[in-house]
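The values are calculated or read from the model by the stated rules, or taken from the named source; none is laboratory data. Since this is a predicted model, take the numbers as computed values, not measurements. Note: ideal-geometry Cβ built from the backbone for every residue, glycine included; neighbour counts use all protein chains shown.
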Amino acid sequence: MEKYSTKIDAKWQKKWSEDETYKFDGSNLDKKLYVLEMFSYPSGAKLHAGHWFNYGPVDSWARFKRMHGYNVFQPMGFDAFGLPAENYAIKTGIHPKDSTFKNIKTMEEQLKAMGAMFNWENEVITCSEDYYKWTQWLFLKLYEKGLAYRKNAPVNWCPSCNTVLANEQVVDGACERCNSEVTKKNLTQWFFKITDYADELLEKLDDLDWPEKTKAMQRHWIGKSNGAEVTFKVKDSDVQFDVFTTRVDTLNGVTYVVLAPESPLVDEVVKDEYKAEIESYKEATAKQSEIERQSITREKTGVFTGAYAINPINGKEVPIWVGDYVIASYGTGAVMAVPAHDERDFAFATKYNLPITRVIEGGDLPFTEYGLLVNSGEFDGLKGDEAKLAIVKKLEESKNGSLKVNYRLRDWLVSRQRYWGAPIPVIHCDHCGVVPVPEKDLPVQLPYNVEFTPDGKSPLAKCDEFINTTCPKCGKPAKRDADTLDTFVCSSWYYLRYADPHNTEKPFDSEIVNKMLPVDMYVGGPEHACMHLLYARFINKALRDMGYLNFDEPFTSLKHQGLILGPDGLKMSKSKGNTISPDDYIKEYGADVFRLYLMFGFQYEEGGAWSDDGIKSISKFVERMERILGTALAAIKSGENNKDTMDKLEKELNFVRNHTIKSVETDTEKFQFNTSIARMMEFTNALSKYINEKDKNLNFLKDTCIDYIKLLAPFAPHLAEDLWEAFGNNDSVFNAKYPVCDESALVKDEVEIAIQVNGKIKAKINIASGLEEEEIKAAALDNDSVKAAIGDKTVVKVIVIKGRLVNIVIK
Ligand code: ANZ
Ligand code: ZN
């Protein structure tokens with residue numbers, strides 16, 4: 001046997017590829033297992049430790065399942081459109097297409113060095129024409145179903161990236177990618193109507209085997225809120241507006257109303273003499289982000305419009321204000337303020353000297369809990385839901401209100417004013433309006449020669465041969481849509497394409513996809529909890545409702561890997577100089593050592609700080625395993641000092657062997673790779689002890705080694721194959737069946753029990769297992785230390801806990 005190194009890695013990678021060991025068998029899907037890791041973004045930075053942590057351990061899990069008879073499908077691809085390649089291009093002048101495909105080549109090589117069972121024949125690259133053609137098809141289908149629409153809306157605008165950002169891409173008021181302060185801008189944008197699915201997206205979460213935290217984040221993101229809409233008429237005017245409230249029981253306590261600065265209502269109600277002040281206030285708030293504005297600690301500001309609204313429940317006139325704590329895009333963009341019972345309203349009212357009227361009995365103001373109504377006329381004495389329903393009933397009678405469910409979830413903004421994305425397949429005609437590109441004309445090709453330096457316009461708008469076309473309806477000159485699709489659109493359906501990636505007729509064959517999906521195990525970073533994972537669920541459901549899919553959810557089980565930090569315990573970054581480049585370590589130690597270290601050194605879902613000592617000690621462990629198995633093999637081959645009996649030492653080793661099988665089985669299933677490998681280390685110690693014995697049961701030793709190699713195989717695939725071959729096997733170890741625990745080996749002949757006298761341990765004795773209570777008692781009382789502890793006192797009671805403990809009570 002040759003010492004483990006990258007040479008062994010290469011040998012087996014070549015063999016696996018020649019033998020097509022991991023080729024997916026699509027003809028028998030009875031035990032199919034679709035294992036998916038989030039595909040990579042092909043950035044210039046190459047694969048980092050985080051990629052390895054995502055892909056390595058999950059591949060081990062997939063191998064483990066394969067050895068349990070599963071027909072594993074584990075595809076890999078690249079999420080290849082997007083801003084980083086474009087930004088890189090702007091910096092270096094290298095075209096995004098050239099840099100992206102070059103990076104993909106490098107990353108493919110790196111991924112292959114990992115030795116994962118990826119089904120490369122099913123690779124998907126989202127920036128390839130044969131993929132984005134179908135991303136465009138998806139857009140057209142959504143448009144056809146009314147799930148894609150255009151609207152003029154204030155959007156988050158990053159002045160540095162010169163692009164619109166989705167809400168999720170704004171982090172603490174700053175651009176997720178470049179950290180610049182995000183401002184607002186009005187643009188006509190394409191949206192996907194994800195809100196149509198809000199209820200199902202929320203309800204179906206309960207059925208998913210996903211981390212609770214991720215489900216909670218999606219629930220919060222969807223933000224279902226049960227409340228009521230109440231109509232206020234503007235005094236001396238035809239204008240009226242609705243407010244959304246979750247506390248309609250406080251309606252009699254409204255002392256003013258507030259409109260969002262961006263609300264079109266503001267201009268309709270504002271009195272002339274207040275116009276100037278309102279205008280400058282609107283300008284000032286436009287500069288702030290939603291997040292800043294919603295912050296609880298920030299001081300709220302506002303201005304009076306000069307107008308009054310009429311409370312429909314009691315006819316009272318209340319002033320209409322404009323305030324920055326009201327968000328235009330939530331509810332109706334208008335709020336009824338109840339300062340006595342709402343913190344924000346209380347602070348605002350106090351600041352601007354507005355009246356505060358208590359309508360709920362209870363503690364100090366602001367009192368935000370539910371309680372008996374007061375100062376509420378006919379509703380006095382009612383409470384909570386009862387009060388709400390009574391008030392809504394009255395409002396309904398006068399058509400001034402109704403129950404209403406609101407969601408925090410917004411429709412998904414999908415247009416990007418960027419170059420490196422899938423062009424939106426739509427043509428704008430002066431005569432016919434918005435005309436979808438006919439399916440037969442797909443793909444709308446992304447042109448290569450484009451000036452993509454950002455100047456606030458879509459780069460494609462500046463490309464004449466792209467933008468100018470003819471209208472498919474009337475044949476007159478028309479213009480293409482100049483925007484490209486958010487890359488989250490590309491990644492919202494890639495897991496479907498994997499199942500049928502070479503289909504040139506359609507995005508996928510429904511029959512195939514319905515058999516291959518849902519994905520059984522999906523693993524990736526927790527940062528995707530609310531965007532990618534929600535978008536993919538939505539697209540899955542939309543395609544289901546169009547008849548293309550017959551399943552409700554794309555990902556049955558989900559796990560998130562933790563974060564591997566630099567050796568200093570900080571997030572790895574080039575600027576801090578604490579990054580770990582897998583390539584260097586692989587060269588030095590081999591892929592298996594790297595993989596083993598990732599699995600042993602961290603809890604999979606937690607991650608932690610990298611340690612060079614850690615990987616060194618794993619490398620020593622690998623050497624030790626090789627040595628021990630080498631010695632065992634030599635002994636077996638020599639046939640010397642053989643015996644046929646199973647004596648005490650054989651039984652001991654057999655116990656550890658079966659205990660390891662049992663623990664590795666349960667722990668690996670749950671992604672607890674670290675404890676699985678710890679058990680393997682114990683098994684190694686036991687094996688090491690046994691091979692140093694003079695007389696050995698060589699048949700038993702061989703069987704034990706065979707089990708050892710099988711258990712090791714998922715964790716160190718290259719090394720295990722080599723050992724497997726050395727032990728005389730021709731076929732791959734991954735075609736072998738996983739060992740099964742022999743429970744009878746776990747029943748020990750002897751057990752150690754502790755003997756206590758008045759609760760203090762006095763002795764530990766070994767007794768035959770299966771003794772009766774009386775026999776155990778007798779053995780305990782016969783022990784010398786116990787006898788000494790009892791002395792001349794009287795034994796009052798003896799308590800026996802079988803297999804563990806005897807407690808003797810004396811007086
Ligand atoms: C009156 C009231 C009285 C309210 C009270 C609360 C307590 P969630 O649970 O998030 O749905 N609200 C409504 N639209 C808003 C907007 N566009 N921007 C800011 N705030 C808005 O919260 C709903 C509550 O948030 C609503 O109920 C409204 O204030 C406020 F004692 O109405 B409430
Ligand atoms: Zn036309």
Exercise. Could you tell me whether Lys351 is modelled with pLDDT of 95 or more, assigned by TED's automatic domain parsing to the domain that holds Val258, under 16 Å from Asn314 (Cβ atoms) and among the charged types (D, E, K, R)?
Key: no
Quiz item: So which residues in region 504-539 are in a helix (DSSP H, G or I), of a type outside the set (Gly, Ala, Ser) and farther than 19 Å from Tyr197 by Cβ?
Solution: Glu511, Ile512, Val513, Asn514, Lys515, Met516, Pro526, Glu527
Quiz item: Give me the pairs: first residue in region 424-438 and within 24 Å of Glu129 (Cβ to Cβ), second residue near ligand 2 (Cβ under 7 Å from one of its atoms) and in a strand (DSSP E or B), beta-carbon distance under 6 Å, and six or more apart or on different chains, which are they?
Solution: Ile427/Val435; Ile427/Ala478; Val435/Cys429
Exercise. Go through region 21-35 and give me each residue that's in a strand (DSSP E or B) and in contact with a Lys or Arg (Cβ under 7 Å, 6 or more places away or on another chain).
Key: Leu33
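Do we have any residue at all in region 542-557 that's on the phi > 0 side of the Ramachandran plot, at pLDDT 95 or above and either in a loop (DSSP other than H, G, I, E, B) or away from ligand 1 (no atom under 16 Å from the Cβ) (or both)?
Yes; the residues of region 542-557 include at least one that is on the phi > 0 side of the Ramachandran plot, at pLDDT 95 or above and either in a loop (DSSP other than H, G, I, E, B) or away from ligand 1 (no atom under 16 Å from the Cβ) (or both).
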Self-check item: Qualifying residues in region 234-265 (those that are of a type in the set (Gly, Ala, Ser) and in contact with a Gly (Cβ under 7 Å, 6 or more places away or on another chain)) - the one nearest to ligand 1 (Cβ to nearest atom)
Solution: Ala260
Quiz item: Counting only residues that are without any contact (Cβ under 8 Å) to a residue 12 or more places away in the chain and closer than 27 Å to Val747 by Cβ, which one in region 776-811 is nearest to the chain's Cα centre (by Cα)?
Solution: Ile801
Quiz item: Which of the residues that make up region 331-367 are under 30 Å from Ala286 (Cα atoms), part of a loop (DSSP other than H, G, I, E, B) and within 12 Å of ligand 1 (Cβ to nearest atom)?
Solution: Gly331, Thr332, Gly333, Val338, Pro339, Ala340, His341, Asp342, Ile356, Pro366
Quiz prompt | Boolean, Gly547 is of a type in the set (Gly, Ala, Ser) and not assigned by TED's automatic domain parsing to the domain that holds Lys65 | solution = no
Practice problem: Pull up region 647-677, narrow it to residues that are at pLDDT 95 or above and in a loop (DSSP other than H, G, I, E, B), then point me to the one that is surrounded by the fewest Cβ atoms within 10 Å (Cβ to Cβ). | Solution: Lys670
Exercise. Please enumerate the residues belonging to region 301-330 that are touching a Phe, Trp or Tyr at 6+ places or on another chain (Cβ under 6 Å) and either in a loop (DSSP other than H, G, I, E, B) or of a type in the set (Phe, Trp, Tyr) (or both).
Key: Phe304, Trp321
Quiz item: Pick from region 446-459 the residues that are in contact (Cβ under 8 Å) with a residue 24 or more places away in the chain and closer than 15 Å to His95 by Cβ: which of them is farthest from ligand 2 (Cβ to nearest atom)?
Solution: Thr453
Quiz item: Does at least one position in region 263-284 carry a residue that is under 30 Å from Leu202 (Cα atoms) and more than 34 Å from the chain's Cα centre (by Cα)?
Solution: yes
Exercise. Consider Ile296 carefully, then state whether it is away from ligand 2 (no atom under 16 Å from the Cβ), in the same structural domain as Glu229 (by TED's automatic domain parsing) and at pLDDT below 95.
Key: yes
Self-check item: Unique match (being in contact with a Leu (Cβ under 9 Å, 6 or more places away or on another chain), loosely packed, with under 15 Cβ neighbours inside 10 Å and at pLDDT 95 or above) among Asp364, Asp380, Asp345
Solution: Asp380
Self-check item: Condition met for Ala328 (surrounded by 22 or more Cβ atoms within 10 Å (Cβ to Cβ) and either at pLDDT below 95 or more than 8 Å from ligand 1 (Cβ to nearest atom) (or both))
Solution: no
Quiz item: Applying the selection to region 186-224, what residues are over 23 Å from the mean Cα position of the chain (by Cα) and surrounded by 15 or more Cβ atoms within 10 Å (Cβ to Cβ)?
Solution: Leu187, Gln189, Trp190, Phe191
Self-check item: Residue satisfying all of: in region 625-646; hydroxyl-bearing (Ser, Thr, Tyr) and in contact (Cβ under 8 Å) with a residue 12 or more places away in the chain; surrounded by the most Cβ atoms within 10 Å (Cβ to Cβ) among these
Solution: Thr631
